[in-house]
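*Asks:* Quick one: this structure, given as structure tokens, is what I'll be asking you about.
The values are calculated or read from the model by the stated rules, or taken from the named source; none is laboratory data. Owing to the predicted nature of the structure, the values given are computational and were not obtained by experimental measurement. Ideal geometry is used to build each Cβ from the backbone, glycine not excepted, and the neighbour counts take in all protein chains shown. Side chains are part of the model used for accessible areas, which takes the heavy atoms of the whole protein and leaves out ligands, DNA and RNA. Shrake-Rupley method; radii C 1.70, N 1.55, O 1.52, S 1.80 Å.
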Amino acid sequence: MAFNDMRDYIQHLKDKGQLIDVNTELNVARETTELQPLMRHLHNIAGPALMLNNLSGYNTKDIPVLFNPYGTRERTSMILGEEGAFDGKVKHAKVLTDPSSWLKPNCIDASSASCKDVKIEKKEIDIGKQLPHVWFGKEGPSYITNAIVITKDPETGIPNTGCYRLTQLWNASHPNGEVYSEEEQRKCLSIFAFWNPPGNHIGLHWAKAQEMNKPLEVAIACVVDPVIQLASATGIPFGMDEMDFAGGLKGTPVDVVKCETVDIEVPASAEWVLEGKFLPNRDVTIGPHSNPVGYYDDAQLFPLIELDCITHRKDPIWYATMEMEPPFDHNYMACLPMEGELLSDLQSKIPEVKDVVVTPNLSYFIQLSVDGPQKPHPEFGKHVLHAVWGASGRWGRTAKVIVVVGPDVNPYDLSEIEWAIQTRVQPITDTIMNKSGQAFLMDPSATKDPGHGIALQSEQIGIDATIKVFERFTSYPEYSNAKADDVAAIAEKLKDVLK
Ligand SMILES: Cc1cc2nc3c(=O)[nH]c(=O)nc-3n(C[C@H](O)[C@H](O)[C@H](O)COP(=O)(O)O)c2cc1C
């Protein structure tokens with residue numbers, strides 16, 4: 001199934017009973033916001049997606065806010081036309097592995113592009129009046145976490161699309177007690193263009209433009225067909241275009257349209273398009289920042305973007321999401337591409353890798369299709385641990401806790417992972433302690449780089465929870481548990497008794 005835009009995906013969620021309209025008044029103003037407790041509550045109850053229609057402390061009264069659309073693995077898989085968590089990531093990994101299945105975007109005429117229904121010229125831009133602002137917790141600025149960001153390599157002209165968080169400076173509090181200028185508040189954004197080695201790709205474009213002392217054009221498409229956001233959150237090799245990958249995932253090319261003021265194409269059915277440029281040697285201090293590992297970072301320095309044009313659809317929708325102690329809404333939007341990237345990489349070298357689960361807290365569980373005597377060689381589990389740390393892309397090398405299990409352990413179930421560790425692992429012999437791993441950049445337990453305030457080096461642990469035949473034993477005790485089919489049968493038989 002391919003969606004045309006976010007509105008199609010919303011309708012799909014409604015049809016599946018997974019989205020509820022909320023007309024109760026909710027406060028989204030700084031200091032008094034109700035959105036962080038709402039996010040926590042929804043995740044405590046594995047709750048639905050919401051359309052928030054009645055917000056107070058809100059600058060754009062008539063614009064509804066979509067909330068928690070990706071709050072379960074199942075809803076995130078629905079973006080790819082699948083329902084099971086496993087099926088979604090297998091599809092993602094399959095398309096990722098085979099670039100011949102990717103499809104180039106189709107450039108349509110501006111007159112047919114709904115993202116151009118309304119145009120706001122540079123002199124009229126005043127983001128405090130035009131772009132929705134909501135707060136979740138104690139963060140300084142209001143965030144845009146619903147966007148894909150497109151730039152072109154200043155040397156080659158090849159586009160890159162990435163999903164990065166942006167901040168709006170209107171009504172933002174400054175971490176050092178300063179005040180953002182009126183011009184910055186009216187027209188400027190900043191962006192989390194991190195330099196986590198091997199670096200995000202917009203950071204590479206930005207660094208090249210800085211070196212050349214040139215502005216870098218940027219287009220920010222907010223609230224797009226979610227498959228485009230999923231593709232943009234995937235690390236594909238530098239110099240390849242995520243829009244082509246999105247076409248492969250959809251099975252049909254993405255319709256794009258030329259921007260008004262920059263030489264960039266954007267998804268034609270985006271709810272909003274913000275056009276502008278990074279100015280040379282302009283950055284801005286932002287904070288506090290609520291990060292995805294569940295802590296506030298005090299202050300960080302980020303590049304500044306000046307907007308030149310805004311276009312949007314008639315009766316536009318906004319989508320707001322935040323980072324806090326996991327789990328939260330877009331955890332799964334971030335984990336699915338990480339899992340797909342790793343699955344694609346590992347399976348190309350180790351066919352016995354069956355599934356990769358990255359938890360919202362960023363533990364990595366690798367399930368094999370073999371165990372015990374079927375393992376290709378003794379210490380195979382440790383070979384897989386090393387392969388995760390050596391995988392391509394941004395994430396495998398930052399895996400702080402990895403557990404490798406056999407096919408009888410469900411990698412989505414923490415209790416089963418714990419059972420495997422308790423009954424198949426000797427803590428010294430069956431683990432690898434790595435003192436010089438790469439940190440997940442926001443891990444507060446790792447030492448920070450004084451320049452950018454992000455963590456670079458981390459210790460890591462790999463746990464081989466496979467059965468140690470033939471490493472230590474020639475056989476292992478017989479497994480004692482009911483079969484899944486028998487459990488289903490007894491549940492059916494007693495369904496009227498055990499209601
Ligand atoms: C909702 C969401 C927000 C994200 N925010 C950021 C961010 O602010 N900075 C960043 O470097 N990566 C962020 N990521 C991860 C990147 O999207 C991901 O690493 C992607 O591969 C980057 O694209 P690139 O490889 O073209 O740089 C985010 C992912 C998601 C799903």
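*Asks:* Taking only segment 226-264 into account, find how many residues are within 27 Å of PRO303 (Cα to Cα) and either in a loop (DSSP other than H, G, I, E, B) or out of contact with any helix residue (DSSP H, G or I) (no Cβ under 8 Å at 6 or more places or on another chain) (or both).
*Replies:* 15
*Asks:* Then there is this: Could you say which residue among ILE236, ILE228, ILE202 is more than 8 Å from the ligand (Cβ to nearest atom) and either open to solvent by less than 10 Å² (accessible area, probe 1.4 Å) or touching a strand residue (DSSP E or B) at 6+ places or on another chain (Cβ under 8 Å) (or both)?
*Replies:* ILE228
*Asks:* Then there's this: Within segment 472-482, can one find any residue that is within 22 Å of HIS383 (Cα to Cα) and of a type outside the set (Ser, Thr, Tyr)?
*Replies:* Yes, that holds for at least one residue.
*Asks:* With the structure loaded, tell me whether PRO175 is away from the ligand (no atom under 16 Å from the Cβ), part of a loop (DSSP other than H, G, I, E, B) and either open to solvent by less than 50 Å² (accessible area, probe 1.4 Å) or among the charged types (D, E, K, R) (or both) or whether it fails that test.
*Replies:* yes
*Asks:* Does segment 398-417 hold any residues that are open to solvent by less than 10 Å² (accessible area, probe 1.4 Å), over 18 Å from ARG73 (Cβ atoms) and in a loop (DSSP other than H, G, I, E, B), and which are they?
*Replies:* ALA399, GLY406
*Asks:* What pairs come up if the first residue lies in segment 392-407 and is hydroxyl-bearing (Ser, Thr, Tyr), the second is open to solvent by 10 Å² or more (accessible area, probe 1.4 Å) and within 16 Å of the ligand (Cβ to nearest atom), and their beta carbons are under 7 Å apart, counting only those six or more places apart or on different chains?
*Replies:* Listed by first residue and then by second, the contacts come to SER392/ASP345; THR398/GLN438; THR398/PHE440.
*Asks:* Looking only at residues in segment 452-489 that are aliphatic (A, V, I, L, M) and in a loop (DSSP other than H, G, I, E, B), which one is nearest to the chain's Cα centre (by Cα)?
*Replies:* Restricting attention to segment 452-489, the residues satisfying the condition of being aliphatic (A, V, I, L, M) are 454-456, 461, 463, 465, 467, 469, 482, 484, 487-489.
Filter once more, so that each one left must be in a loop (DSSP other than H, G, I, E, B): 454, 456, 465, 467, 482.
Working: ILE454: 19, LEU456: 20, ALA465: 28, ILE467: 34, ALA482: 37 Å.
The residue in question is ILE454.
*Asks:* Given the conditions (1) touching a His at 6+ places or on another chain (Cβ under 7 Å); (2) surrounded by fewer than 22 Cβ atoms within 10 Å (Cβ to Cβ); (3) of a type outside the set (Val, Ile, Thr), and given that LEU336 satisfies all but one, which numbered condition is not satisfied?
*Replies:* (2)
*Asks:* Name the residues in segment 340-366 that are under 19 Å from GLN460 (Cα atoms) and either acidic (Asp, Glu) or not in a helix (DSSP H, G or I) (or both), would you?
*Replies:* VAL356, VAL357, VAL358, THR359, PRO360, ASN361, LEU362, SER363, TYR364, PHE365, ILE366
*Asks:* Let me ask another. Among the residues that make up segment 37-56, is at least one of them touching a helix residue (DSSP H, G or I) at 6+ places or on another chain (Cβ under 7 Å) and either in contact (Cβ under 8 Å) with a residue 40 or more places away in the chain or among the hydrophobic types (A, V, I, L, M, F, W, C) (or both)?
*Replies:* yes
*Asks:* Go through segment 234-261 and give me each residue that's over 22 Å from LYS314 (Cα atoms), of a type in the set (A, V, I, L, M, F, W, C) and touching an Asp or Glu at 6+ places or on another chain (Cβ under 9 Å).
*Replies:* Across segment 234-261, the qualifying residues are ILE236, PHE238, MET243, ALA246.
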